[in-house]
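Notes follow once the structure below has been shown.
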Amino acid sequence: MTKLKETQIIAEEGSRMTQSVSRPEKVKLGRGRRIWRKALIWMVIVAISFLIGLTAYHFVRYIPLTEALKETQSDLNAAEVHLELLRCLTDVNNARIALFMDDVDSAKAALANMPQRLDNLASVINEYDDSLAKDMQERLGLIVSGLDRDVETAKIDLGLLAKDLLNIEAIIFGQ
């Protein structure tokens, strides 16, 4: 029976050891360490809340503002194209008025910037009519070269150019 008692004693000692290993004594923290620990936990909670707020701000405010900015930019580009078209029309009408007053030099001055403006509008005009932009450039060249020779033909060509510009405005901007 001694073997039986020995095994019981060994088993009891083993269970005591597992109990002592599985449950280490809790170390009590001092007052200062408890305060710092709670402060650190609250700082982490505040930081996480701040990051959640930044993320919400991004999706609620920033993304819609970005889309609105893109829409405003496209509206601005359309307004710039419209302004350039109106400048061309103004130049043509100024040249027509100058020709009606028999002032060829003023008509030439009014048409001085037209080739560049028509080049700026060429890409927009090509979207609606491929040959119209090229025809308008050729007509402008004929007008400028014919101002010294035949004023009446230049007046007619300026009227046709003004008509083309008004048609383009009506097609693009619906006016």
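Derivation of every value follows stated rules applied to the coordinates shown; laboratory data play no part. This is a predicted model, so every value here is computed, not measured. Heads up, the Cβs are rebuilt from the backbone with ideal geometry, glycines too, and the neighbour counts pull from every protein chain shown.
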The simple spin-label model distance between Asp119 and Glu84, using points 7 Å out along Cα→Cβ, in nm, is 1.1
Before rounding to the nearest 500, sum -39500 (n - 2.57) across all DSSP H runs of length at least 4 in the chain and divide by the residue total; then give [θ] at 222 nm in deg cm²/dmol. -29500 deg cm²/dmol
Starting at the first residue of the range 143-154, write each ³J(HN,Hα) from the Karplus equation 6.51 cos²θ - 1.76 cosθ + 1.60 with θ = phi - 60°, in whole Hz, x for Gly and Pro. 5, 5, 6, x, 5, 7, 8, 9, 5, 5, 5, 4
Placing +1 on each Lys and Arg Cβ and -1 on each Asp and Glu Cβ in the chain, then taking the dipole about the Cα centre, the residue among Ala95, Leu142, Gly32 whose Cα reaches farthest towards the positive end is Gly32
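In percent, what relative contact order does the chain have, based on Cα pairs under 8 Å that are 6 or more apart in sequence?
On the way: 79 pairs, mean separation 31.8, N = 175.
Normalised by residue count, the contact order of the chain is 18 percent.
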Each residue of the range 69-84 in turn: what ³J(HN,Hα) in whole Hz from Karplus with 6.51, -1.76, 1.60 and θ = phi - 60°, glycine and Pro shown as x? 5, 5, 5, 5, 5, 5, 5, 5, 4, 5, 5, 5, 5, 4, 4, 5
Residues in the range 130-147 near a label at Ala109, defined as backbone nitrogen under 18 Å from the 7 Å Cα→Cβ point? 144, 147
Compute the long axis of helix 114-128 from its Cα atoms, compare it with the longest principal axis of the Cα atoms of the chain, and write down the angle in degrees, 0 to 90, nearest 10. 60
Applying the Karplus parametrisation 6.51 cos²θ - 1.76 cosθ + 1.60 with θ = phi - 60° to the phi angles of the range 158-165, what ³J(HN,Hα) value in whole Hz is obtained for each residue in order, glycine and proline being reported as x? 5, x, 5, 5, 4, 4, 4, 5
Between 0 and 90°, nearest 10: helix 31-57 axis offset from the chain longest Cα axis: 30
Given (i) 93, 19, 12; (ii) 25, 16, 16; (iii) 39, 18, 13, which label gives semi-axes √(5λ) of the Cα gyration tensor in Å as computed from the coordinates? (i)
